[in-house]
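Notes follow once the structure below has been shown.
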Ligand SMILES: C[S@@+](CC[C@H](N)C(=O)[O-])C[C@H]1O[C@@H](n2cnc3c(N)ncnc32)[C@H](O)[C@@H]1O
């Protein structure tokens, strides 16, 4: 399996916003390669970290063996939409008191995107069109291409990918599967459909980028996981505690923005960021993947 090393986005900004106090507990909902978790630990905080990808957990357990052994890090393979029940359970069996902050760095890691056998990357055309970050999920991207009608496919490509040729691509997919549905079981099959629909390279973006992003979001139920988890995070943190979100997709960022604004109106706390914080020019120059990141912060006051 080929992987690439994930570079943590807005590392210092996100951890600074959590205002880490030594020995307090923080929840990292999206452990990934553990960049944010590592810095919280360095600052003396304790961390409960979630990731629903077994590979991220396996690598993390080896990388942070000392901290896990010392009881400073609890690493769990779980969907962050089960935040409340998981933390409650942990609090019953460990001496964990209140939670001082929760961090979300939404989406996929570069390790996942570049792995050539998981269906996220265009580099291996033979790869199974899978795209599940959590391989316990029941539906792969190729299953969606087989069961959804052209209208539903087009809506997904438009809504979650912003794909301008959504209708044309959806129609080609339906035509291809009527001829032979096996064609759409691989990365190469979908890339071919996108090219047949007249979607060609413009600028640096691969022509399949938007459709792949849209399918990935739907396969992993990314929007509803965020919608379900944000109110749980608010319930979980103690007064003065903060929630920090980093989003790369407009829709994900909108969920955090609306939740934080509503909570402020309800008097639950204040938005620390009225306008989203963005990466520095230096960070964007060093890691172009960071360019679309938006960071938001909410502080609970009751
Ligand atoms: C952008 S990466 C996080 C990178 C991390 N902050 C770092 O510094 O390395 C997102 C990670 O969150 C995980 N993830 C995405 N949605 C999740 C969910 N609903 N529950 C648990 N983990 C999730 C992914 O598997 C991926 O490893």
Does at least one position in region 213-233 carry a residue that is over 19 Å from residue 28 (Cα atoms), without any contact (Cβ under 8 Å) to a residue 60 or more places away in the chain, more than 23 Å from the chain's Cα centre (by Cα) and not in a strand (DSSP E or B)?
-> no
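Residues are listed down the side, and each one gets a yes or a no for (1) in contact with a helix residue (DSSP H, G or I) (Cβ under 8 Å, 6 or more places away or on another chain); (2) within 21 Å of residue 5 (Cα to Cα); (3) in contact (Cβ under 8 Å) with a residue 24 or more places away in the chain:
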residue	(1), (2), (3)
48	yes, no, yes
61	yes, yes, no
69	no, no, no
72	yes, no, yes
82	no, no, no
85	no, no, no
93	no, no, no
101	no, no, yes
Only residues that are away from the ligand (no atom under 13 Å from the Cβ) and at positive phi: list them for region 31-49, please.
-> 44
Give the number of residues within region 219-237 that are more than 14 Å from the ligand (Cβ to nearest atom) and more than 21 Å from residue 13 (Cα to Cα).
-> 3
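Considering only region 15-30, state which residues are near the ligand (Cβ under 9 Å from one of its atoms) and either more than 23 Å from residue 278 (Cα to Cα) or in contact with a helix residue (DSSP H, G or I) (Cβ under 6 Å, 6 or more places away or on another chain) (or both).
28, 29 - these are the residues of region 15-30 that are near the ligand (Cβ under 9 Å from one of its atoms) and either more than 23 Å from residue 278 (Cα to Cα) or in contact with a helix residue (DSSP H, G or I) (Cβ under 6 Å, 6 or more places away or on another chain) (or both).
Just so you know, all these numbers are worked out from the coordinates, no wet-lab data involved. In this text, all values refer to a predicted model and were calculated from it rather than measured experimentally. All Cβ positions, glycine included, derive from the backbone under ideal geometry; neighbour counts span all protein chains shown.
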